[in-house]
Amino acid sequence: MRIDVLVAEIGSTTTVINAFNGIGSPCPKFVGQGQAPTSVLEGDVTIGLKGALEDLKTNLKVVELTYSEMLATSSAAGGLRMTVHGLVYDMTVRAAKEAALGAGGIIKMVTAGKLRRTDLKNIREINPNIILIAGGVDYGERETALYNMEQVVSLNLDVPIIYAGNIENQEEVTEICDEAGVKLYLVDNVYPKVDVLNIEPTRRVIQSVFEEHIIHAPGMSTVREMVTGPIIPTPGAVMEAAKLLKNDLGDLVIFDVGGATTDIHSVTEGSEEINKMLISPEPYAKRTVEGDLGVFVNFMHIVDKIGLKELKEEFPNIEQLTKHVKPLPETEEEIEFIERLTKEAVLTSLDRHAGTIRYIYGPTGKKTIAEGKDLTNIKYIIGTGGALTRLPRRISILRSVLEMKRGLKLYPGNDAKVLIDNDYIFASLGVLSKKYPKDALKLMKKSLYKNQ
């Protein structure tokens, strides 16, 4: 059997391969899926890739399978570990952090101001895949970013550095890195003027650097033997899918509840009314990652948040359930328990992602301001990831978002529609969209409206 495009999602524990035919035609089609354990620890990721291919052949009931192209997303080998360093936390640091998260980065460290000795020690211990240095608006403060660059270079780490700060520093930054033999990527300032975010150029460069350097990660050196197209971080691929879909459907938010984390991707400019009240700018496309809201690896964080006493009222057998949580629940009781945890993960992550209205009082009286991401214009609430594509009550879980008490929070309105990535292919379609955006969009909509 001949496949037009295969997309591999190389995860920390599992490698999934999705097959697509009819790419370039009016009717692209999702053909099937295969999976196998990821083989990073064996020193050769292609073992897992080949295993997923064999599983795909079994599922398709074919003996031979060839393909024209293979693309990939990856969160293997620890994903895209980054450290981010800027000048003022609520300005350049925050802008750089948003760029890193939107590109799919796992941010291990964030600093504001000049790096200290303990900061440098932490950077060395983290051993990031990429270091992002920002600081200063264009033609503003210069010293901090230059100092931080000198300090990072002195660590002698074999790590690429992205500089996205005051453009007046670019020539000197280049000289520092050239002298030290450090790979440097220059990009436009993420915060060129006060209250102006410019994070898309940095996002694109981060993904490009990731693709260039991921093959050097343990177990990834042989990936190019099979993958013919781009490799981007899995969370970054979901963001690419979200941005493409927004242009067709309208403002949206995507929930991805996983075993270790819950990611939210929102793509909206917000309402004009709230934008006038914002005290600092928000990115058009925003991603937040909640590392304590996983329904397998980190499930006890959610249990503690809900409370054992409350859970015991719903699940009298709660002690046994918490002792034997499985990656894939099997019994009805286990499924209902994971659904309860998933609902809590969705509602908590939304509360952290969404902005809020605040009242401040001064000499002239009360003033209304807004902080954070405005989700009031959201038209679609979408579920992807293992939990929200496979649990029986996945739609009712997402609909619970519409029932949240708003108060001063900038939550989606009651008229937002709930959709599910039924084929669980959004990450694959995100990387597919880099080359075939029209096909990716058609396949996304097919997945969303499947069985409707």
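Side notes on the structure shown:
- The antiparallel fraction among DSSP beta bridges confined to the chain stands at about 50%.
- Take the Cα of Met300, step 7 Å toward its Cβ, do the same at Lys367, and the gap between the two points is 4.7 nm.
- Whole-Å distance, taken between Cα centres, linking the range 159-204 and the range 215-278: 23
- Exposure proxy ranking for Lys438, Lys323, Lys246, Lys50, based on other Cβ atoms within 10 angstrom of each Cβ and starting from the fewest, stands as Lys323, Lys438, Lys50, Lys246.
- Computed label-point distance, nm, for sites Ser396 and Tyr89 using a 7 Å Cα→Cβ extension: 4.2
- FRET E, pair Tyr284, Arg142, Förster distance 25 Å, beta-carbon r, rounded to 0.05: 0.30
- Dipole magnitude for the range 81-216: about 660 debye, using +1 per Lys or Arg Cβ and -1 per Asp or Glu Cβ, origin at the Cα centre.
- Linear extension gain, Asn414 paired with Asp195, 0.36 nm per residue minus alpha-carbon span: 75.8 nm
- A simple charge model with +1 on the Cβ of Lys and Arg, -1 on the Cβ of Asp and Glu and nothing else charged puts the dipole of the chain at about 1020 debye relative to its Cα centre.
- Potential extension, Asn275-Tyr359 segment - 0.36 nm per residue separation minus Cα distance: 28.7 nm
- Summarised as an ellipsoid, the range 219-308 has semi-axes of 28, 25, 11 Å, derived from the eigenvalues of the Cα gyration tensor scaled by 5 and square-rooted, with the largest first.
- Counting charges near Thr58 (Lys, Arg +1; Asp, Glu -1) among other residues having Cβ under 15 Å from its Cβ returns a value of 0.
- With eigenvalues of the C-alpha gyration tensor scaled by 5 and rooted, the range 232-421, Å: 31, 20, 14
- Relative contact order of the chain, defined on C-alpha pairs under 8 angstrom at six or more residues apart (%): 14
- Ranked by the mean number of other Cβ atoms within 10 Å of their residues, highest first, the peptides 129-139, 388-398 fall in the order 129-139, 388-398.
- By the helix-only formula, in which each DSSP H run with n ≥ 4 contributes -39500 (n - 2.57) and the sum is divided by residues, the chain has a 222 nm mean residue ellipticity of -11000 deg cm²/dmol.
- Antiparallel %, DSSP beta bridges [both residues in the range 310-452], to 5: 60
- Other residues lying with their Cβ under 11 Å from the Cβ of Val223 contribute a combined charge of -2, Lys and Arg counting +1, Asp and Glu -1.
- Going from the residue with the fewest nearby Cβ atoms within 10 Å to the one with the most, Met70, Met300 rank Met300, Met70.
- Prolate/oblate/rounded call for the range 123-262, Cα gyration tensor, a/c under 1.5 rounded: oblate
- Backbone N under 18 Å from the Met404 label point (7 Å along Cα→Cβ), restricted to the range 414-431: 414-420
- Pairs of alpha carbons in the range 197-249 separated by more than 14 Å make up 63% of all such pairs.
- Computed lengthening from Val62 to Ser221, 0.36 nm per intervening residue step minus Cα-Cα distance: 54.3 nm
We did not get these values from a lab; they are worked out from the coordinates using the rules stated. Bear in mind that the values here come from a model prediction, so they are computed numbers and not experimental data. All Cβ positions, even for glycine, are placed from backbone atoms using ideal geometry, and neighbour counts span all protein chains on display.
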